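Reading through the structure tokens given below for one structure.
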Amino acid sequence: MRVLVGYATAHGSTREIAEHLGARLARHGLDVEVAELGLVAAPETFDAYVLASAVHGQRWLPEARAFVAEHAPELAAKPVWLLSVGMPDALRSPLPALAHLFQPPVLVSEFASRVSIRDHLVVSGVIRAEHLPLIGWLAMLLLTRGAGDYRDWDRLDAWADGIARVLTTLPAPRRPPARRGPAPSRP
């Protein structure tokens, strides 16, 4: 089973998460390719997709949204898991609980009806003051517990293991037989 773990990142945290998920899925015997969504060659050749994007302004990054829009037919026909990397766990209490409750549907609402979504997980990434404009830095001081690495690797591992359990129980995809001999010549 060929699995694309595709990502869109702003500062590298989502890329690191995607690489970690890819390695975890490969441990289960899956054929995994980890790639930036804007650089994926032949996305239609994959049997399943794990798509991750950093979240800015309550939306996936433009390149992630563009990938989903452009490849919606393939994504509708095959299993898809979505991962949104934001900052819900960095928020001051009780905001994390509210973010986990209300944020997931908002993040994927623009393409949820066009894609075969098996699951959508919202996790936290890394927040650094130098990545924020002044107004963002001020909001961080007011609303969050501060800069830091809020990634929950155990939660990500459990999620990847669940994906692997599903994918390893699905029937093997049918591939067209390899062509033998020279290609037919064209006049």
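Applying the Karplus relation 6.51 cos²θ - 1.76 cosθ + 1.60 with θ = phi - 60° to segment 109-126 yields 3J(HN,Hα) values of 4, 6, 10, 4, 7, 9, 10, 8, 7, 7, 7, 9, 10, 10, 10, 9, x, 10 Hz, where x marks Gly and Pro.
Highest mean packing first, where packing is the average number of other Cβ atoms within 10 Å per residue, the peptides 57-65, 76-84 line up as 76-84, 57-65. Close amide H pairs (under 5 Å, H built 1.01 Å from N) link residue 78 with 116, residues at least 5 positions away or on another chain. Ordered by the count of other Cβ atoms within 10 Å of each Cβ, fewest first, 150, 7, 49 give 150, 49, 7.
Rounded to the nearest whole Hz, the Karplus-based 3J(HN,Hα) values (6.51 cos²θ - 1.76 cosθ + 1.60, θ = phi - 60°) of segment 18-35 follow the sequence 4, 4, 5, 4, x, 5, 5, 5, 5, 4, 8, x, 7, 8, 10, 10, 9, 8, with x at glycine and proline.
Values quoted throughout were computed directly from the atomic coordinates according to the rules given, and no laboratory measurement underlies them. Values in this document were obtained by computation on a predicted structure and should not be read as measured data. FYI the Cβ positions are ideal-geometry reconstructions off the backbone, even for glycines, and counts take in every protein chain you see.
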